[in-house]
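**Student:** Input: one structure, supplied below.
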Amino acid sequence: MSSEVLQEEFEVLEAIYPTELTSTTLRKGIRIDVEPDDPLEGEERVLNYTDEYPDALPELSLETLEGSVEENEIENLLAELRTVGEENLGMAMTFTLASHLRERLSALIRTRAELRQQEDTEKERQAIEAEEARTRGTPVTVENFNAWKAKFDKAQAIKKAREDEEKLRGMTAKEREEYKKLATRLSGRQLFERDRTLAISDDSMIEEGVVSVDISQYDRVVMEEDEEEERVTFSDSD
C-alpha cells in the first residue's frame with residue numbers, strides 16, 4: 001500500500017471529520033466517531049489498515065460511545081460494513097464505510113422507536129380490553145345461572161329460617177302451631193306447578209246438559225218491555 005495514497009485519503013477524512021477523526025499514526029489505524037441522525041446513541045469505529053489496502057479490507061471494530069447497542073446488533077453492523085467494503089475494493093472506502101454506518105445506526109434507532117410504539121399500543125389495547133371485561137362482567141350461560149340460582153336459593157332459605165325462628169320465639173304454642181300450618185300451605189303457583197291440570201280452560205269444565213244463556217238477548221227483551229210500558233194509547237171513545 002502506498003503511503004502517499006493513504007496520506008491523501010487521510011487528509012480528505014480530516015476535512016470531512018474535523019472533530020470525529022483521531023489517529024496516532026496511519027499505520028496503527030484511525031478512529032472515527034460516527035453519530036446517527038438522532039444523537040442519543042453512537043458508535044466508535046476503528047480501522048486498522050493492512051498493507052494490501054485498498055485492495056483488501058481494513059480491520060474493522062466497533063465500540064459503543066453512548067446509549068446501548070446489543071452484541072448481536074454490533075455483529076450485524078460489522079457484517080454489513082464488510083459487505084460494503086468488498087463492493088469498494090481498490091478504492092478509498094473509509095468515507096463510504098462511515099456513511100453506511102451512520103445510516104444503519106439511524107435505521108436501528110428508528111426501528112427501536114417503532115417497536116417501543118408498538119409495545120405501548122399493545123399495552124394500551126390490553127388495558128382497554130381488561131377494563132371492558134371488568135365492566136362487562138361474566139356472560140350468562142345455563143350452567144353458571146343454575147349455579148348462581150342454587151346458591152341464591154340456599155341463601156334465601158337460610159335467611160327465611162332465621163326470620164321464622166325469630167318470629168316463633170315471640171309466639172305462644174298455639175300461635176306457633178297456626179303459623180307452621182300457614183307456612184306449609186301451598187301457594188297458587190305451587191299448586192299449579194304440582195298439578196298442571198288446574199290450568200284447564202273453563203270451557204272444558206262445562207257439564208253436559210247445561211244451557212248457555214245469551215245475556216245480550218236478555219237485555220234486548222227487557223228493553224222492549226220497558227218501551228211498551230212507556231207507550232201512550234189514544235182512543236176516540238167517550
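**Student:** Is the stretch 91-109 home to any residue that is at pLDDT below 90, β-branched (Val, Ile, Thr) and surrounded by fewer than 12 Cβ atoms within 10 Å (Cβ to Cβ)?
**Tutor:** No, there is no match, as no residue in the stretch 91-109 is at pLDDT below 90, β-branched (Val, Ile, Thr) and surrounded by fewer than 12 Cβ atoms within 10 Å (Cβ to Cβ).
**Student:** Let me ask another. From 133, 113, grab the single residue that is modelled with pLDDT under 85, surrounded by 10 or more Cβ atoms within 10 Å (Cβ to Cβ) and aliphatic (A, V, I, L, M).
**Tutor:** Details: 113 fails: modelled with pLDDT under 85.
None of the others qualify; the one that does is 133.
**Student:** If you take the residues of the stretch 171-200 that are in a helix (DSSP H, G or I) and of a type in the set (Lys, Arg), which of them is modelled with the highest pLDDT? Write out each step before concluding.
**Tutor:** Pass one, the stretch 171-200, residues in a helix (DSSP H, G or I): 173-184, 188-194, 196-199.
Narrowing the set further to residues that are of a type in the set (Lys, Arg) leaves 174, 176, 180-181, 189, 194, 196.
Values: 174: 81, 176: 77, 180: 74, 181: 76, 189: 67, 194: 61, 196: 59.
Once the filter is applied, the top-ranked residue is 174.
**Student:** Now for a separate question. Quickly run through the stretch 64-98 and pick out the residues that are in a helix (DSSP H, G or I), over 24 Å from residue 5 (Cβ atoms) and of a type outside the set (A, V, I, L, M, F, W, C).
**Tutor:** First pass over the stretch 64-98, keeping only residues in a helix (DSSP H, G or I): 71-87, 94-98.
Going one step further and asking which of them are over 24 Å from residue 5 (Cβ atoms), we end up with 71-80.
Correct list: 71, 72, 73, 75, 76, 80.
**Student:** Given the residues 101, 168, which is the only one that is part of a helix (DSSP H, G or I), among the aliphatic types (A, V, I, L, M), more than 30 Å from residue 15 (Cβ to Cβ) and touching a Lys or Arg at 6+ places or on another chain (Cβ under 8 Å)? Talk me through it step by step, then tell me what you get.
**Tutor:** Numbers: 101 fails: more than 30 Å from residue 15 (Cβ to Cβ).
Result of the check over 101, 168: 168.
**Student:** When you scan the stretch 21-60, how many residues do you find that are part of a loop (DSSP other than H, G, I, E, B), surrounded by 17 or more Cβ atoms within 10 Å (Cβ to Cβ), modelled with pLDDT under 80 and more than 48 Å from the chain's Cα centre (by Cα)?
**Tutor:** 1
The values are calculated or read from the model by the stated rules, or taken from the named source; none is laboratory data. The structure presented is a predicted model; accordingly, all values stated were derived computationally and were not measured. Every residue, glycine among them, receives a Cβ derived from its backbone with ideal geometry; neighbour counts consider all protein chains shown.
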